[in-house]
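This report refers to the structure that appears directly beneath it.
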Amino acid sequence: MITKTEEKQENETGNEKEKREIVIPGETIVSGEEYLPGEWTKREGKNIVALRFGLADKSGRLIRIIPLSGTYMPRKGNVVIGKVLDITFNGWILDIGAPYPSFLPAIEASRFVNKNDLSECYDIGDMIAVKVFSIKRKGIDLTAKGRNLGKIEGGMIIQINSNKVPRVIGKEGSMINLIKNESNCDITVGQNGLIWLRGRNVKDELFAEKAILFVTEKSFIEGLTEKTKEWLEREKKSEKKEIKEEKK
């Protein structure tokens, strides 16, 4: 039996905090015809019922689930990070961790494409930040056109459970912006759980990685943003102390 815990929704404005509850599939989240079913929920009579295991998020009348387990299920508009598995005559086959094939057409590349040798643009093994352009019965179409999309060069890539991505991003980007500022890193978060970190040096990138893993490990706790701020402050103080000791 799964025991319920509650999690307060971080609110940077300081207003009263909404509570999130962990729910399981089939569980009634709220009752009332005034509520509307959102992602991973459905209506059964007057009840809004959970379709996934995760956090029940109430935003006004809209009820949705933030999943905490399961494989990545792509949605149109998702930014993801993929690895080139193969090259065809008109594009690239990518692995984005989805249950079906993903294809990046040559016309959707982020830079010039030599039609006689597509590997000059993206080669097998390259990592690319792309966006889900459309989802069809036979697969997923991708695009690399857009801001912060294209071949990934430099930095490091880490992987987390894709269902923890909303917690890493935070409300309106609050969590990931906090980590960016404290680590001095540029961070691209793929909805499929792959995250690209690029800092001034490896030390900054490792610090950002450590912060992200802290968030994923503590994703169930209350007031996660505040606890992450406290953790970052402790880590910074510890780092300064180590530097002073090294100089002695």
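The values are calculated or read from the model by the stated rules, or taken from the named source; none is laboratory data. Since the structure is predicted, the reported quantities are computational estimates derived from the model, not experimental observations. Neighbour counts run over all protein chains shown; Cβ positions are idealised from the backbone, glycine included. SASA here: full protein model, heavy atoms, side chains in, ligands and nucleic acids out. Shrake-Rupley method; radii C 1.70, N 1.55, O 1.52, S 1.80 Å.
Going by the alpha-carbon gyration tensor, a ≥ b ≥ c the square roots of its eigenvalues, is the chain rounded (a/c under 1.5) or, if a/c is not under 1.5, prolate (a/b greater than b/c) versus oblate?
Taking the square roots of the gyration eigenvalues as a ≥ b ≥ c, the chain is oblate.
Computed from label points 7 Å out along Cα-Cβ, the spacing between ARG147 and GLU239 is 2.6 nm.
Taking all Cα pairs closer than 8 Å and separated by 6 or more residues, the relative contact order of region 109-195 comes to 24 percent. Here region 45-159 is assigned +1 on the Cβ of each Lys and Arg and -1 on the Cβ of each Asp and Glu. Its dipole about the Cα centre then comes out at about 940 debye.
What net charge do the residues around ILE128 carry, taking every other residue with its C-beta under 15 Å from that of ILE128, with Lys and Arg at +1 and Asp and Glu at -1?
Net charge around ILE128: -1.
If each of ASN184 and ILE124 carries a label point 7 Å out from its Cα toward its Cβ, how far apart are those two points in nm? The modelled label-to-label distance comes out at 4.0 nm.
Of SER174, SER31, the order by accessible heavy-atom surface (1.4 Å probe, DNA, RNA and ligands excluded), from most exposed downward, is SER31, SER174. Across the protein chains, with a 1.4 Å probe defining accessible surface, the residues ASP204, ASP95 rank ASP95, ASP204 from largest area downward.
Residues whose amide H lies under 5 Å from that of GLY91, counting only those 5 or more places away or on a different chain, are ALA106; hydrogens are built 1.01 Å from N in the peptide plane. Once the Cβ-Cβ distance between PHE220 and SER31 is put in as r, and R0 is 35 Å, what FRET efficiency do you end up with, to the nearest 0.05? FRET efficiency, PHE220 to SER31: 0.90. Among LYS210, LYS151, LYS237, the order of accessible area from largest down is LYS237, LYS210, LYS151, computed with a 1.4 Å probe on protein heavy atoms.
Loop-located trypsin sites (Lys or Arg not before Pro) across region 61-135 with a Cβ neighbour count of 13 or fewer within 10 Å are ARG61, ARG75, LYS76, ARG111, LYS115, with loop assigned by DSSP.
Once the whole set of protein chains is in place, how much accessible area is left on VAL113, using a 1.4 Å probe, in Å² to the nearest 10? We get 30 Å² for VAL113. Within the assembled protein chains, the solvent-accessible surface assigned to LYS218 is about 80 Å², based on a 1.4 Å probe.
Rolling a 1.4 Å probe over the protein heavy atoms leaves VAL165 with an accessible area of roughly 0 Å². Applying a threshold of 21 Å to the alpha-carbon distances of LYS76/LYS115; LYS83/LYS138; LYS46/LYS164; LYS210/LYS237 flags LYS76/LYS115; LYS46/LYS164 as lying beyond it. Using C-alpha pairs below 8 Å separated by at least 6 residues, the relative contact order for the chain is 15 percent. Using the Cβ-Cβ distance between ARG200 and PHE89 with R0 = 51 Å, the FRET efficiency computed as 1/(1 + (r/R0)^6) comes to roughly 0.80. For region 144-248, GluC sites (Glu not before Pro) meeting the loop criterion (DSSP other than H, G, I, E, B) and having at most 16 other Cβ atoms within 10 Å: GLU153, GLU222.
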